[in-house]
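For reference, the structure is listed below as structure tokens.
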Amino acid sequence: MSIKTIGELFPTRRELLEWGGRGIVGASALGAWPLDAAVTGKKVNPRGTARNVLFYEISGAISHIESFDFKESAGLPQDLDIRKRDNGVYLSERLFARTAKHLDKLSILRTMKSHEEVHFRGQYYQQTGRQMNLAFAKEIPAIGSVIASELESRRRPADTFPTYISFNLEKGAAGALSTGFMEPRFSVVDINPDTAAKGKALDQKALELIEERWRLLKALRESQGNKAAAMGKSMAGYQDFYDTAHRLLSDPRWPAAFQINDEDRKRYGNNPVGTSAILARNVLAADGGAHYVHICHPGWDHHVQIWDKKAPSNHYKLCDEFDPAFSSLLEDLAKIPSKTDAGRTLLDETLVVCMGEFGRTVGALNNMDGRDHHNKCYPALFAGAGVKGGRVLGASDKDGSLCIETGWHRKEQPRMENILATMMSALGIDWTKEIRNTPSGRTFPYVDPLGPNGYIPIDEISSIYG
């Protein structure tokens, strides 16, 4: 990045590191609430098999019966070349030829169920692991923020990257959620892939200018004495933000993570989704402190013309984005050596979760040649960090509408709460913890056991491990 002016160096809070400032500056004013340490509610044994979690959100809800739970239907085109794979799953060669080569890494659970059936609430549910309640939604932190708080004690002196980084979340219906009652430093850094891919390394003159301006800012803070502290939580949040920005801009690993070569663009796809997947790989490979990475792949809301190749958005087009991006990501994570554990790969220490917020209606297409929302049964994909690949868990009925076998040790279908428990367990976090001195006075369980119709299981999905 070539920087010529002070304004470019330290621009407005919206512009600062346009690659990723959105989550931090959107952190809630509640964010410096003095929380007590979380207490344990139950005795569980977190697995601790992962250093990282990568959550790939298929935002807008992919049609499950035309992806990872294929079913014959009146609306199915004839050019999909559906084949039965070695693990027993039926998968389209036209849509998922490259992903099919990595089924040995994937455990596919076909029986997820959601509380929600509209996009904003469904994506809020994915980011928080709980239903939206407008009475206290403002204080609820995102999953990544809770994880960032838990992993704070594990950060090393050289860790400059934010623990929680996302790509393209601004394109989702819910956007990038705030830290709620947690401190702003646990916020997401949401990165616009188009802008980030244009970044260039800072030259020496720019670095010298950064340090000079940082020295002046530090002197200004010192001259103000306790005035800044008297301004309260918002000022503390700004200071954390600028401290983070300075450390990032001074770390050569940060601009290096945003360098993309032509070969990668070709393999992953020269589009925002492919770019997001490349950058997610780079950020994790840099081992700079980022441990929860969220990719948002938007556009799957095909109520109309789902199979119309001339439509601006259709299932073919979105699968043509997904297949190279997701498969290349798995391929590279499985090749990149771990920087902390000899003999292991980045995939060995990263739990990958891929899913939409719900599925789509089954059977014949609707009167607009599309499919509507369906939350009763849809799939999630898992890989890495001890997950046993080549497996298909659970089953839906003949048209993909309802669950007939849950695929884990409970009779109830797994939900986002169980995905959250699984991710936390993999990271070695006790997912039964609670925070009891929130601003509203309501107890905040890491995984909420209260569903819409009473208590629900909050177990991890252990069946993905074999």
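The values are calculated or read from the model by the stated rules, or taken from the named source; none is laboratory data. Computed from a predicted model, the values in this text were never measured in an experiment. Glycine also receives a Cβ, built like all others from the backbone with ideal geometry; neighbour counts cover every protein chain displayed.
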Problem - Selected residue [surrounded by fewer than 22 Cβ atoms within 10 Å (Cβ to Cβ) and of a type in the set (D, E, K, R)] from R110, R51, R98 - result: R98
Practice task
Counting only residues that are closer than 30 Å to L134 by Cα and out of contact with any Cys (no Cβ under 7 Å at 6 or more places or on another chain), give me the strands (runs of 3 or more DSSP E) lying completely in segment 391-447 with at least 1 of them.
Solution key: 433-435
Practice task
State all residues of segment 95-148 that are out of contact with any Gly (no Cβ under 6 Å at 6 or more places or on another chain), among the aliphatic types (A, V, I, L, M) and closer than 22 Å to P184 by Cβ; if no residue qualifies, say none.
Solution key: M132, A137, A142, V146, I147, A148
Practice task
Of all residues in segment 73-100, count the ones that are closer than 14 Å to V392 by Cβ and among the acidic types (D, E).
Solution key: 1
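One line per residue, one yes/no per condition, for (1) buried (at least 18 other Cβ atoms within 10 Å of the Cβ); (2) touching a residue at least 12 places away in the same chain (Cβ under 8 Å); (3) part of a strand (DSSP E or B):
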site	(1), (2), (3)
E117	no, yes, no
N133	no, no, no
L151	yes, yes, no
A158	no, yes, no
M182	yes, yes, no
Practice task
Quickly run through segment 288-315 and pick out the residues that are closer than 20 Å to V146 by Cα and touching a helix residue (DSSP H, G or I) at 6+ places or on another chain (Cβ under 8 Å).
Solution key: G288, A290, H291, Y292, V293, H294, I295, C296
Problem - Pairs with Cβ under 8 Å, 6+ apart, first in segment 297-318 and farther than 24 Å from L279 by Cα and modelled with pLDDT of 95 or more, second β-branched (V, I, T) and crowded, with 21+ Cβ neighbours inside 10 Å - result: N314/I306; H315/I306
Exercise for the section: Can you tell me which residue within segment 322-362, out of those that are touching a Lys or Arg at 6+ places or on another chain (Cβ under 9 Å) and modelled with pLDDT under 95, is surrounded by the most Cβ atoms within 10 Å (Cβ to Cβ)? Expected result: D341
Handout entry: Residue in segment 368-389 that is surrounded by the most Cβ atoms within 10 Å (Cβ to Cβ), counting only those that are assigned to a loop (DSSP other than H, G, I, E, B) and out of contact with any Ser or Thr (no Cβ under 8 Å at 6 or more places or on another chain)
Key = G370
